[in-house]
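Novice: Quick one: the structure is below, and I'll ask about it shortly.
The values are calculated or read from the model by the stated rules, or taken from the named source; none is laboratory data. Everything numeric here is computed off the predicted structure, so don't read it as measured data. All Cβ positions, glycine included, derive from the backbone under ideal geometry; neighbour counts span all protein chains shown. Only protein heavy atoms, including side chains, enter the accessible area calculation; ligands, DNA and RNA are left aside. Shrake-Rupley method; radii C 1.70, N 1.55, O 1.52, S 1.80 Å.
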Amino acid sequence: ILNVEQSPQSLHVQEGDSTNFTCSFPSSNFYALHWYRWETAKSPEALFVMTLNGDEKKKGRISATLNTKEGYSYLYIKGSQPEDSATYLCAFRITGGGNKLTFGTGTQLKVEL
Amino acid sequence: NAGVTQTPKFQVLKTGQSMTLQCAQDMNHEYMSWYRQDPGMGLRLIHYSVGAGITDQGEVPNGYNVSRSTTEDFPLRLLSAAPSQTSVYFCAVRLRGGGPETQYFGPGTRLLVL
C-alpha cells in the first residue's frame, strides 16, 4: 500500500498571511502528483497535475512545486483569504499503477478575518 | 464537476438492506472510479473501471459490487449494508490516455446505515 502523507493536518491563519503545506510520497516509480481543493459539502476540485521534477505550477495566489527525487510537493497560498478555507488534498500516481490515485488525508486550512 | 452526476444525494439504510448508488457522466471519459471518504482516512478507492465491460478492485472493495455496461454509467451496489459503510461516496472520471489527466469528481452521496 502506498503511503501519501500530508502535513500539517490542519492550519489556522489570518487573512493576508501566506502559508504552505507539504505532501510526501514514495520517490520510486513516480508518475504524477495531483493537488485538489475540497470545500465543505462540495466535491474535490482539481488544482494542479505535476509530473516533472522541479515542476512549478501557479493558479492565481496558489502555487505548487514538485521534487520527485526526494518525494515531496509543496502547496503555497499567498495572501490567504477566507474563501481559501478548504481541505487541500494531494494524490499520487505511480507508473504501472493501473491509473489509480492514492490520496493523502489532506490539510484543512481555515482563514480567519 | 458539471459532467458527473450522482444519485441519490443522501440515503438512510437499515443494516442488511441493499441499494445502488448511481454515477453517470457525459464527458465520454473511459476511466471511472468510486471512492469513500471517512474522517481521518482521506479518499479510499473502492472499485474502478478502465472502460465498458472492465472493472477492478481498489483498496477497500469488500461489501461492494460494480458493473460497467456502458461508458456513461458506473453503479455501485451495496449488497447487504452495514454500519461500517456509513460514509460519503464519490464517483470520479478521467480520460484513459497516455498522460496524467485530471480526475473530475461528482457531488457525492452521503450514506447513513443504521
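Let's see how each residue does on (1) of a type outside the set (Gly, Ala, Ser); (2) within 28 Å of residue A:30 (Cα to Cα):
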{"position": "B:65", "(1), (2)": "yes, no"}
{"position": "B:68", "(1), (2)": "yes, no"}
{"position": "B:82", "(1), (2)": "no, no"}
{"position": "B:85", "(1), (2)": "yes, no"}
{"position": "B:93", "(1), (2)": "yes, yes"}
{"position": "B:102", "(1), (2)": "yes, yes"}
{"position": "B:106", "(1), (2)": "no, yes"}
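Novice: Another question, then. Let me spell it out: the conditions are (1) in a loop (DSSP other than H, G, I, E, B); (2) of a type outside the set (Phe, Trp, Tyr); (3) without any contact (Cβ under 8 Å) to a residue 40 or more places away in the chain, and residue B:27 meets all of them except one. Which number is the exception?
Specialist: Of everything listed in (1) in a loop (DSSP other than H, G, I, E, B); (2) of a type outside the set (Phe, Trp, Tyr); (3) without any contact (Cβ under 8 Å) to a residue 40 or more places away in the chain, residue B:27 misses just condition (3).
Novice: Residue B:95 fails exactly one of the following numbered conditions: (1) touching a Lys or Arg at 6+ places or on another chain (Cβ under 6 Å); (2) at pLDDT below 95; (3) over 27 Å from residue A:40 (Cβ atoms). What is the number of that condition?
Specialist: Failed condition: (1).
Novice: Which numbered condition trips up residue A:67, out of (1) in contact (Cβ under 8 Å) with a residue 24 or more places away in the chain; (2) open to solvent by 20 Å² or more (accessible area, probe 1.4 Å); (3) more than 13 Å from chain B (Cβ to nearest Cβ)?
Specialist: For residue A:67, the exception is condition (1).
Novice: Here's a follow-up. Residue A:62: touching a helix residue (DSSP H, G or I) at 6+ places or on another chain (Cβ under 6 Å) and within 13 Å of residue A:21 (Cβ to Cβ), yes or no?
Specialist: Judged against the criteria, residue A:62 is not a match.
Novice: With the requirement that a residue be farther than 21 Å from residue B:38 by Cβ, among the small types (Gly, Ala, Ser) and exposed (fewer than 13 other Cβ atoms within 10 Å of the Cβ), what does the range A:4-47 give you?
Specialist: Correct list: A:16, A:18, A:28.
Novice: Filtering the range A:80-112 down to residues that are buried (at least 17 other Cβ atoms within 10 Å of the Cβ) and among the charged types (D, E, K, R), which residue is farthest from the other protein chains (Cβ to nearest Cβ)?
Specialist: By that ranking, first place goes to A:84.
Novice: Can you tell me which condition residue B:16 does not meet? The list is (1) surrounded by fewer than 20 Cβ atoms within 10 Å (Cβ to Cβ); (2) assigned to a loop (DSSP other than H, G, I, E, B); (3) within 14 Å of another protein chain (Cβ to nearest Cβ), and all the others hold.
Specialist: Looking at each condition in turn, residue B:16 falls short on (3).
Novice: Okay, moving on. Is it the case that some residue within the range A:4-21 is more than 14 Å from the chain's Cα centre (by Cα), farther than 25 Å from residue A:113 by Cα and assigned to a loop (DSSP other than H, G, I, E, B)?
Specialist: So far as the range A:4-21 goes, no, none of its residues is more than 14 Å from the chain's Cα centre (by Cα), farther than 25 Å from residue A:113 by Cα and assigned to a loop (DSSP other than H, G, I, E, B).
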